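J.: Okay, handing you the structure first.
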């Protein structure tokens, strides 16, 4: 990835998540527990790292209601990002990618419904959780937290 951010994520998949979303943080932990190939790196959409990556991808730096997956220099959002992330996780999870045949407007409609209600259903954190020393390498912005 050729960016001016000096991010050590070469060959990795980067997931930009809402750092205040309790559900999003739980999903990140779920991925970390299953990422035996050490493919995923994470950053908060609200962090300077996250905003810089959004800017590089030509995306808005604020007001994002989705997580963003950066894979091979390409940016994906909403249901497409979720399905591609599961595919990159490997194993039986890659089978879920078959749902990509569902029309995007349907997949994204479900995604938007969940995104719109995530704070009400799961809560909103005041700040991003601080990763344990063992997990800091998974978070590109851990020193900002």
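Bear in mind these aren't lab numbers, they're just calculated from the coordinates by the rules spelled out. These numbers were taken from a predicted model, which means no experiment stands behind them. Glycine gets a Cβ as well: all are built from the backbone with ideal geometry, and neighbour counts include every protein chain shown.
J.: Put a dot 7 Å past each Cα toward the Cβ at residue 114 and residue 126; how far apart are the dots in nm?
T.: 2.9 nm
J.: Go ahead and estimate [θ] at 222 nm for the chain from helices alone: -39,500 (n - 2.57) per DSSP H run with n ≥ 4, summed, over the residue count, rounded to 500. Could you put the intermediate results ahead of the total?
T.: Details: 4 runs with 53 residues, N = 145.
It lands at -11500 deg cm²/dmol.
J.: Going by average Cβ density within 10 Å per residue, which order do the peptides 75-86, 27-38, 99-110 take, highest to lowest? Write out the running numbers ahead of the final one.
T.: Working: 75-86: 19.4, 27-38: 14.0, 99-110: 12.1.
In decreasing order of mean packing, 75-86, 27-38, 99-110 become 75-86, 27-38, 99-110.
J.: Using only the Cα atoms of the range 75-128, build the gyration tensor, take square roots of its eigenvalues as a ≥ b ≥ c, and label the shape rounded, prolate or oblate: rounded if a/c is under 1.5, else prolate if a/b is larger than b/c, else oblate. Show your work: numbers first, answer last.
T.: On the way: a/c = 2.49, a/b = 1.51, b/c = 1.65.
It comes out oblate by the Cα gyration axes.
J.: A further question follows. Over every pair of different alpha-carbon atoms in the range 13-126, take the mean of 1/r and invert it; report that Kirkwood radius in Å.
T.: One decimal place: 14.5 Å for the Kirkwood radius.
J.: Oh, and also: So how do 118-124, 39-45 stack up, highest first, on mean other-Cβ count within 10 Å?
T.: So the peptides 118-124, 39-45, ranked by packing, come out 39-45, 118-124.
J.: By how many nm would the segment from residue 106 to residue 32 grow when fully extended, if each residue of separation counts as 0.36 nm and the alpha-carbon distance is taken off?
T.: Using 0.36 nm per residue and subtracting the Cα-Cα distance, I get 23.8 nm.
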